Amino acid sequence: MNDIIIKTPEEIQLMRESGRLLANVFKALDPVIKAGISTMDINDFVEDYIINTLKARPASKGQYGYQYALNTSLNEVVCHGVPSLQKTLKSGDIINVDITLEKNGFIADSSKMYMVGQVSPLAKKLCDVTYEAMWKGIEVVRPGATLGDIGYAIQKHAEMHHYAVVKDYCGHGIGREMHESPQVLHVGRRGTGQALVEGMTFTIEPMVNQGTAKTKTKKDNWTVVTRDRKLSAQWEHTVLVTSNGFEVLTLREEEQSQLGGCLSYC
C-alpha cells in the first residue's frame, strides 16, 4: 500500500478533466475508423486532435522510447500494436485503439474495440464478451473490495464463454505517471490481493483471446500477438475508487446508459 498514490480531491478533479478529454478523442475518432484507412492515419488523426484541438499531450509518445501517439492492435494482436502505413483496415477486421492523454500533469488511459464493416459473428461475440468482462470487473470496485475480486469477476465471465484471459499483461495504477502501483490482474481469486481504498485510480483493461492465453512478442519488440494466431480483444477504462463505489473517469458518451446516465455506481 505504501507504493500506491492516493489522489487528493484536487488531483481527482484534474484526472476527471483528462478522462473527459480522452472520451472526446474517441468520439472524434469513431467516424474515422473504416475500411481503407491505415493504422498510421489513425495515429496521425489522434495526435493532431489531442495536440491542436484539445491542447493536451499524447502521453504514450516518447514513453519507453515509443514513437507514436497510440497503439493499434489488429485481429490477432493482443496489445502494443504499432501504427503503420502498410496496415490498412478491411471489412471484417477488429481493431483495438489504445490512447493515453495527459492534461495539467495527469494521465488518462482508455481503449476501444472497433469492428470494421461486416465482421464474423465469432469476432463480434469476442468483442462483446470482452466488453462485458471489463464491466464485470469495474462493477465490483468499491472500498474494501480487493484486486482479486476484480480479476475473479473478469476471468469468470470470459471463461464462461470459453475464452482465455491473457495473464502476461495487466492494468495499472495511473496518475501523474502512466504506470503506477498497483498492478491490476484480470484473473484472480475473490478476497485476495490489495484491498481498495477511496482515492485509488487505476486501469481495468482485460485482453481476452479466442484460443490459448499464451502470447508472443514480434521482432519489433513491441507488438504482442496470440501464440495460436486466433483473435484477441481488449477494452480499457480508467477508474476511481469513490467513498461508496467507483467512477469511470474515461466514460464515453455512448456508454452513459451503461450507468443509467451517471458516471458511477454506488
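Every number here is computed from the coordinates shown, using simple stated rules; none is lab data. For clarity, every value in this text was computed on a predicted model and none was experimentally measured. Cβ sites come from the backbone with ideal geometry, for glycine too, and all protein chains shown count toward neighbours.
Which loop-located chymotrypsin sites (Phe, Trp or Tyr not before Pro) does the stretch 1-96 contain, where loop means any DSSP state but H, G, I, E or B and the Cβ has at most 16 other Cβ atoms within 10 Å?
Hits after loop and neighbour filter: TYR66.
Over the C-alpha atoms of the chain, what are the Rg and the largest Cα-to-Cα span, Dmax, in Å?
When restricted to the Cα atoms of the chain, Rg and Dmax are 17.2, 49 Å.
Counting pairs of Cα atoms in the stretch 33-79, how many percent are more than 13 Å apart?
Numbers: 662 of 1081 pairs.
When all Cα pairs of the stretch 33-79 are counted, 61 percent exceed 13 Å.
Is the stretch 100-171 rounded, prolate or oblate when judged by the Cα gyration tensor, a ≥ b ≥ c being the square roots of its eigenvalues, rounded requiring a/c under 1.5 and prolate requiring a/b larger than b/c?
On the way: a/c = 2.40, a/b = 1.18, b/c = 2.04.
Taking the square roots of the gyration eigenvalues as a ≥ b ≥ c, the stretch 100-171 is oblate.
Give me the net charge for the shell around GLN234: Cβ to Cβ below 10 angstrom, other residues only, Lys and Arg +1, Asp and Glu -1. Walk me through the intermediate numbers first.
Working: positive: LYS112; negative: ASP98, GLU205, GLU236.
My count for the surroundings of GLN234 gives -2.
Mind listing P(r) for the stretch 149-266? All alpha-carbon pairs, 10 Å bins, whole percents.
Distribution as computed: 13, 38, 36, 12, 1 percent.
Using modelled backbone amide H atoms (1.01 Å from N, in-plane), which distant-in-sequence or interchain residues come within less than 5 Å of ALA59's amide H?
Sorted by chain and number, the residues that satisfy this are THR100, LEU101, GLU102.
Please build a GNM for the chain, connecting alpha carbons under 10 Å apart, and tell me which residue among ILE204, ILE95, ILE33 fluctuates the most.
ILE33
Could you derive backbone 3J(HN,Hα) for the stretch 82-93 from the dihedral phi with the Karplus parameters 6.51, -1.76 and 1.60 (θ = phi - 60°), listing whole Hz in sequence and x where the residue is Gly or Pro?
Those phi angles translate into 8, x, 8, 5, 7, 9, 10, 5, 9, 4, x, 6 Hz.
Which far-off residues, 5 or more places away or on another chain, put their amide H under 5 Å from the one on GLU205, with H placed in the peptide plane?
The list, which skips near neighbours in sequence, is GLY171.
With the Cα gyration tensor of the stretch 1-117 in hand, convert its eigenvalues to equivalent ellipsoid semi-axes via √(5λ) and list them largest first in whole Å.
On the way: eigenvalues 146, 44, 34 Å².
For the stretch 1-117, the ellipsoid semi-axes come out as 27, 15, 13 Å.
Any aspartates and glutamates with Cα under 19 Å of the LYS156 Cα? List them, leaving off those in the same chain fewer than 8 positions away.
ASP128, GLU132, GLU139, ASP168, GLU205, GLU236
What 222 nm value per residue comes from the helices of the chain, counting each DSSP H run with n ≥ 4 as -39,500 (n - 2.57) and dividing by all residues, nearest 500 deg cm²/dmol?
Numbers: 4 runs with 64 residues, N = 266.
Taking each H run of at least 4 residues, the total per residue is -8000 deg cm²/dmol.
Which residue, chosen from ILE107, PRO121, ILE138, occupies the Cα position most advanced towards the positive end of the dipole of the stretch 86-181, where the dipole is computed from +1 (Lys, Arg) and -1 (Asp, Glu) charges on Cβ about the Cα centre?
Comparing the listed Cα positions along the dipole, PRO121 ranks first.
Setting aside same-chain residues fewer than 8 positions from LYS34, which aspartates and glutamates have a Cα under 13 Å from its Cα?
Partners within reach: ASP93.
Can you pull the percent of Cα pairs in the stretch 1-66 with separation above 20 Å?
Tail fraction, whole percent: 44.
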